[in-house]
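What follows is a single structure, written as structure tokens, with notes after it.
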Amino acid sequence: MSSSSTVLPQGAGYGVVVGIGLFFSVFMIGLTAIQARYTPFSPRSSEEFSSASRSVKPGLIAAGIVSAWTWAATLLQSSAVAYKYGISGPWWYGAGATIQVLLFAMIAAKLKLNAPFAHTWLEVVGARWGKTAHLVFMFFGLATNIIVSSMLILGGSATVTDLTGMSTIAACFLIPLGVSIYVVVGGMRSTLLCDYTHTTVLFAIILVFVFSVYATSDKIGSPSKMYDLLTAAAKTSPVPGNAHGSYVTMRSKNGLIFGVINIIGNFATVFQDQAYFQRAIASRPSTTVKAYLLGGLAWFAIPFTLATTLGLAAVALRGDPEMRPLSAADVSAGLPAAAAASALLGKAGAAALLVLLFLAVTSATSAELIAVSSLLTYDVYKRYINPQANEAQIMRVSHLMVAFYALVIGLAGLIFFYIGVSMGWLYTFMGVILGSGVAPIALCITWSKANKTGCIVGAVAGFAAGIIAWLVTTSTLNGGVINVVTSGGDFEMLAGNLASIGVGGIIATASSYVWPENYDFESTRAINAPGPISKPEEKEANAADRPSIEKEKTPSVADSFNAAEIADELDPVALNKAFRFAAWSSLALLLVLIILIPLPLFFASTIYGKGGYTAWVVIGIIWTFLSAFSVVLYPLWESRDALKLISRGVVKDIFARGSGKYVEPNKDAA
């Protein structure tokens, strides 16, 4: 219900959620129609629907990664930890969730090498280890998607309700509604195009907030004034566990604890989320690694810069008549950013943040919808219900699963809301139940010696260990009281996260060293492989124990490649070289982001002076501009040929109606 205390009227909430949602649906449907008419790609093909014909260039994949990884938590939780811990919060949020995307570049390279035509990562698990492993890891995969989707809905609905008074129940169901429309119509390519448009607007709004806070605001207006306000805030309400209670230090005990939780939890939500595998599958093999490295580095700027802007502004403006007080529940719900935006820019700031959040939530939701649709279609329906499904049946089920999952995430968000679980609580909890699957899944896809039994046992035992450690620590530290409030503490979540990923990783890795398998990945390379790519003897060997892709669908796998291109793109030497490059570069960046920069500053108890803080802010702004160039302008440049093709088709249709439609070249003539 609308309240006089909300910055915007209730109608603004419905206007954004319904109006902008439907606008983007119509916009994306139009783009899909243009694509189908003027390019060789039609969403009527299941291969195009689920994997964009495996032809997407690195800039658009990078934009999709940035968009898919920009959750409600990216904008809200990052600002909340800045509000709680000072400048260490944005760093640990950004760095702690960037390294997983960078390291995933290695998984992506190995996926292209070891299962180039798979639709899902679970298909790889099933082909290598069989039904039991497939079902066990399906639990982790679907649990990951449900938790991620619930966080999106919880964060989005909480902020919409806080700013406009819109019904939380309505927000939970209306947010995924518009998204599901264009995902059903356009599939994966439509999702990526929507990701690009959302990312473009997202960077524009972030830069508006940055320059408002650090250049034009009469309340702050410069890094120097922000520093003075943060210093004053530390004197009246010092941060527990920070050096001298300061907001401008990396010496933050609770910030470091959050960093560890953040790192573990986000390994689970990247390495087990089909959305990231989906983008690897959709990308050109030769540029997959480039896309993930570019996307990871570009994404870092979003939480780091926005939280250093709005999260710290919420601290600096405490006591300002236009800045409403924030309770612990408000902070857990991720509301400091909304409060700061409203205090700084009034209704305009609240509206900008509302649009920013809506775009982030819907673009990430579209990634989850197409991801879960693929899992339910290929790993449930086609594997267990109808192995002989034809193209039409697969497309029909894919569409139905998008709609079904849109309803599921609305219900999940509603359930978590009513039991009192906030986005912040769920964000720190996700590693407890998901972390144990990280190492086994990574080993399955990348390592020939990974032991099937050890990886399954590791995942299950790690899951149990995480839950037990979390509950025991909660009980011990809170006098036997276990509830949503007591279980959400830093040490309670840290214990569960460490136990889950540690036990799962140790058992899976140790068993693989002691009882190594000698797997050649031939059965995974045969998954959905087009005829010309597979050797006859391989097809015979694998036909009996794997579902076959329908014959009429085979050509669509290679729609955007000719035979020479396929051989070149999937050259094992080149893909192994790409894997080595991904390994060295991602590990080097991990060392810099997690060890070399933050830990010396932490142990030295460095408190920034005004010049140091100003440099910190300026670096974030420069990084944001470079990120915007790489995922906004670069995709346009690399798509110039496709844009020319579409432009020519449109012009032809204008002057000679019907003549602009794309016609497939006659391959026989060649």
Exercise. Which condition does M323 not pass, out of (1) at pLDDT below 90; (2) assigned to a helix (DSSP H, G or I); (3) among the hydrophobic types (A, V, I, L, M, F, W, C), if it passes all the others?
Worked result: (2)
Exercise. What pairs can you find where one residue is in region 307-324 and within 18 Å of A72 (Cα to Cα), the other is of a type in the set (S, T, N, Q), and their Cβ atoms are less than 6 Å apart, with a gap of 6+ or different chains?
Worked result: A307/S78; A307/S79; L310/S79; G311/S79
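Run down I419, I482, I415, I467 and say which single residue is touching a Leu at 6+ places or on another chain (Cβ under 8 Å) and among the hydrophobic types (A, V, I, L, M, F, W, C).
Numbers: I419 fails: touching a Leu at 6+ places or on another chain (Cβ under 8 Å); I415 fails: touching a Leu at 6+ places or on another chain (Cβ under 8 Å); I467 fails: touching a Leu at 6+ places or on another chain (Cβ under 8 Å).
It is I482.
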Problem set entry | Given (1) more than 30 Å from G437 (Cα to Cα); (2) in a helix (DSSP H, G or I); (3) not charged (D, E, K, R), index of the condition A275 fails | (1)
For this session: Only residues in region 378-400 that are farther than 21 Å from L142 by Cα and among the small types (G, A, S) count as the first member; pair them with residues that are assigned to a helix (DSSP H, G or I) and at pLDDT 90 or above, Cβ under 9 angstrom, at least 6 apart or cross-chain, and list the lot.
Result: A389/T377; A389/Y381; A389/K382; A389/V397
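Please find, within region 385-407, the residue that is farthest from S487 (Cα to Cα) out of those that are aliphatic (A, V, I, L, M) and crowded, with 19+ Cβ neighbours inside 10 Å. I'd like the intermediate steps shown before the answer.
At the first step, the residues of region 385-407 found to be aliphatic (A, V, I, L, M) are 385, 389, 392, 394-395, 397, 400-403, 406-407.
Okay, now just the ones that are also crowded, with 19+ Cβ neighbours inside 10 Å, so 389, 394-395, 397, 401-402, 406.
Working: A389: 46, I394: 43, M395: 43, V397: 39, M401: 34, V402: 33, A406: 29 Å.
Within region 385-407, the match that is farthest from S487 (Cα to Cα) is A389.
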Exercise. Is it the case that A360 is within 27 Å of G178 (Cβ to Cβ), at pLDDT below 85 and of a type in the set (G, A, S)?
Worked result: yes
Problem set entry | Options L354, L312, L359, L344: the member that is surrounded by 22 or more Cβ atoms within 10 Å (Cβ to Cβ) and within 15 Å of the chain's Cα centre (by Cα) | L359
Exercise. Do you know which of the residues in region 114-139 that are touching a Phe, Trp or Tyr at 6+ places or on another chain (Cβ under 7 Å) and more than 14 Å from Y381 (Cα to Cα) is surrounded by the fewest Cβ atoms within 10 Å (Cβ to Cβ)?
Worked result: R128
Problem set entry | Filter result for V632 (at pLDDT 85 or above and either surrounded by 12 or more Cβ atoms within 10 Å (Cβ to Cβ) or β-branched (V, I, T) (or both)) | yes
Problem set entry | Only listed residue being without any contact (Cβ under 8 Å) to a residue 40 or more places away in the chain and either buried (at least 24 other Cβ atoms within 10 Å of the Cβ) or among the hydroxyl-bearing types (S, T, Y) (or both), chosen from T249, T231 | T231
Exercise. Would you pick out the residues in region 611-624 that are in contact with a helix residue (DSSP H, G or I) (Cβ under 8 Å, 6 or more places away or on another chain) and loosely packed, with under 14 Cβ neighbours inside 10 Å?
Worked result: V618
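Can we say G479 is in a helix (DSSP H, G or I) and either farther than 30 Å from F117 by Cβ or in contact with a Pro (Cβ under 8 Å, 6 or more places away or on another chain) (or both)? If you could, list the steps in order and put the result at the bottom.
Numbers: in a helix (DSSP H, G or I): no; either farther than 30 Å from F117 by Cβ or in contact with a Pro (Cβ under 8 Å, 6 or more places away or on another chain) (or both): yes.
Criteria not met by G479.
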For this session: With the condition kept exactly as written, say whether any residue in region 637-645 is in contact with a helix residue (DSSP H, G or I) (Cβ under 9 Å, 6 or more places away or on another chain) and buried (at least 19 other Cβ atoms within 10 Å of the Cβ).
Result: no
Exercise. Here is a list of conditions, (1) assigned to a helix (DSSP H, G or I); (2) touching a helix residue (DSSP H, G or I) at 6+ places or on another chain (Cβ under 6 Å), and G334 meets all of them except one; can you say which number that is?
Worked result: (1)
Problem set entry | Scan of region 115-169 for residues that are closer than 25 Å to A350 by Cα, of a type outside the set (V, I, T) and in a helix (DSSP H, G or I), ordered by number | S149, S150, M151, L152, L154, G155, G156, S157, A158, D162, L163
For this session: Scan (1) within 21 Å of the chain's Cα centre (by Cα); (2) over 30 Å from N114 (Cα atoms) for the single condition G420 breaks and write down its number.
Result: (1)
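Considering S217, S252, S224, which residue is more than 18 Å from A343 (Cα to Cα) and over 31 Å from the mean Cα position of the chain (by Cα)?
On the way: S217 fails: more than 18 Å from A343 (Cα to Cα); S252 fails: over 31 Å from the mean Cα position of the chain (by Cα).
Result of the check over S217, S252, S224: S224.
If you take the residues in region 221-240 that are assigned to a helix (DSSP H, G or I) and polar (S, T, N, Q), which one is farthest from G319 (Cα to Cα)? Steps first, answer last, please.
Our first condition is that a residue be assigned to a helix (DSSP H, G or I); within region 221-240, this holds for 223-236.
Imposing the further condition that a residue be polar (S, T, N, Q) reduces the set to 224, 231, 236.
Numbers: S224: 19, T231: 14, T236: 11 Å.
The residue in question is S224.
The values are calculated or read from the model by the stated rules, or taken from the named source; none is laboratory data. A quick note: this is a predicted structure, and the numbers were derived from the prediction, not measured. We place every Cβ from the backbone using ideal geometry, glycine too, and count neighbours over all the protein chains shown.
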